[in-house]
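Let me begin by presenting the structure, written as structure tokens, before commenting on it.
The values are calculated or read from the model by the stated rules, or taken from the named source; none is laboratory data. All figures in this text were calculated on a predicted structure; none of them were measured in a lab. For neighbour counting, all protein chains shown are included, and Cβ atoms are generated from backbone atoms with ideal geometry for every residue, glycine included. Side chains included, ligands, DNA and RNA excluded: accessible areas come from the protein's heavy atoms. Shrake-Rupley method; radii C 1.70, N 1.55, O 1.52, S 1.80 Å.
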Amino acid sequence: MSSHFEPLKGGGAAVALDEVEVSILRSLAVQMLELIGPGDEPAQGEDPLAALFAEGPSEPPTDPALARLFPEAYADPEGGSEGEELRAASAEFRRFTENDLRTRKRDDALAVVRSLDSLTVAGDGGAVLELDPEECLHWLGALNDLRLTIGTRLEVTEADDNDDLYRLPDSDPRKPMVMAYLWLGALQETLIETLRP
């Protein structure tokens, strides 16, 4: 897996993918959709404007990956007397923002699935995916979400050095997930580079 994004004339980016890479990316995006959950569509006859202002959850997710995707807005690192106030402020913030954030993350993952589904794989098993600037932003969001989720499952912290991940033996059951994590990081990095002015 050595694919990398390259800039397109007029904006956007392109990446050559083989059948296995397309399958992996699509599978990961679908799993992300399943993790985030279905969208809250307005009920039959319900005012769509009222649904737009519906309140979301006030408690953080219990799944560590979802907690990483939907973090607390305010935290008291020392757990002092301000902790209760910060938890209340976080709950209030979450109630009014999490639904929109979930929708955006769902849209990003769906954009990945749709763009991969529109690919025509050539006889050699490869295809070139071309993304316009808007699709690039969806892909950036989805790649970031996928890396955060996999990193959480692997218990990677921001302070961790990825060198340990490169040295995992092939017999380690985490190896496929680590390879996906590192590959997604490379894809994300090259996509960011193509979009820089």
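Data overview
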read-out	value
First in region 163-185 and in a loop (DSSP other than H, G, I, E, B), second anywhere and open to solvent by less than 100 Å² (accessible area, probe 1.4 Å), Cβ under 6 Å, 6 or more apart	Leu168/Lys175; Leu168/Val178
Total residues in region 93-113, condition at pLDDT 90 or above, surrounded by fewer than 17 Cβ atoms within 10 Å (Cβ to Cβ) and touching an Asp or Glu at 6+ places or on another chain (Cβ under 9 Å)	1
Single condition Ser90 does not satisfy, out of (1) at pLDDT 95 or above; (2) surrounded by 13 or more Cβ atoms within 10 Å (Cβ to Cβ)	(1)
Condition check for Leu154: of a type outside the set (Ser, Thr, Tyr), surrounded by fewer than 18 Cβ atoms within 10 Å (Cβ to Cβ) and at pLDDT below 90	no
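Here is a yes/no grid of residues against (1) within 25 Å of Lys105 (Cα to Cα); (2) modelled with pLDDT under 90; (3) open to solvent by less than 60 Å² (accessible area, probe 1.4 Å); (4) touching a strand residue (DSSP E or B) at 6+ places or on another chain (Cβ under 6 Å):
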| position | (1), (2), (3), (4) |
| --- | --- |
| Leu137 | yes, no, no, no |
| Asp161 | no, yes, no, no |
| Leu165 | no, yes, yes, no |
| Val178 | yes, no, yes, no |
